[in-house]
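As structure tokens, the structure follows; a few thoughts come after it.
The values are calculated or read from the model by the stated rules, or taken from the named source; none is laboratory data. Note that the structure is predicted; figures quoted are calculated from it, not measured. Note that we place each Cβ from the backbone using ideal geometry, even for glycine, and neighbour counts take in every protein chain shown. These area figures cover heavy atoms from the full protein model, side chains too; ligands, DNA and RNA do not enter into them. Shrake-Rupley method; radii C 1.70, N 1.55, O 1.52, S 1.80 Å.
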Amino acid sequence: MVKAMEEMSIQTTEMNKIKEKVTNLETDYKLAQIMHKEEQQKSTRINEGIKGLEKELTLNEPLGQAKEQLRTNIIDFVNDIWSSIQVIFEHIDL
């Protein structure tokens with residue numbers, strides 16, 4: 001009977017060790033899930049940032065071209081009417 005009690009004590013000790021390992025594994029698993037979720041959120045934010053930058057890049061080029069065309073049109077318009085402006089100022093007595 002003493003031997004059975006000793007064996008039961010050893011088994012209880014082993015079971016407690018196994019329960020502790022299971023608890024540690026569950027804790028590690030929960031931490032891994034939290035870290036995975038955080039990494040997914042980071043990845044989502046990075047992807048959104050990339051999409052925003054891509055959108056900005058695709059808009060900047062056409063906007064830059066439109067600005068350049070507008071400048072060209074203004075310069076052409078001023079050049080076209082510049083001689084008329086000069087004539088007007090030549091005839092005005094200041």
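Summary table
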item	result
Radius 15 Å from Cβ of GLU14, net charge of other residues (Lys, Arg +1; Asp, Glu -1)	0
Cα extents of region 3-47 along the three principal axes, largest first (Å)	65, 7, 5
Fraction of accessible area attributable to carbon and sulfur, region 49-91 (%, probe 1.4 Å)	64
Per residue solvent-accessible surface (Å²) - the chain, probe of 1.4 Å	98
Hull shadow area, averaged, the chain [alpha-carbon convex hull, nm²]	11.2
The chain: angle of helix 2-91 to the longest principal axis, Cα-based, in degrees nearest 10	0
For MET15, solvent-accessible area (1.4 Å; no DNA, RNA or ligand), Å²	110
